[in-house]
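Read the structure below first, then the notes.
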């Protein structure tokens, strides 16, 4: 009887480094008898947060005096594509706990719509976001740190990446600029 040269005895298979076995199981039994064990590990790249000296939150809201510790905003007005880059919208689209923690680390500019008589805005910080799913209304909690004159701020709109007509629509955007550096100039 002639042996098939492609079939090797078990002891040769176990000692051959060129041959690999894959075993998949929900539970492993007799783990002490394993001669070769490989695992696949999926690594998630570390989250690279936005830097507070490079990005900021912008809220432009009609009929909002920011005198309460919270305000509401329609979800359709959150991170609208016209005012926030696609990359930033995609980064924060799930509003996970990590997303919210990152967003609230950014400085925040609170402004009224241009159609209002109010001529002041505020520099502050978000303290929490309660984003409701779908087409609901979300709640934002915040603190104010400094009153800002809109007249003085107007000359820095382009540096803040704020389009002039952007102040005529209620919305929340994330902008790329050093807000604190610009506020210090005012």
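Among 157, 109, the order by Cβ neighbours within 10 angstrom, fewest to most, reads 157, 109.
Once you divide the Cα radius of gyration of region 55-185 by 2.2 N^0.38 Å, the number left is 0.97.
Here, each number is a calculation from the coordinates, and none is a lab measurement. Quick caveat, the model's predicted, so the values are computed rather than measured. Because the Cβ atoms are built from the backbone with ideal geometry, glycine has one as well, and the counts that use them run over all protein chains shown.
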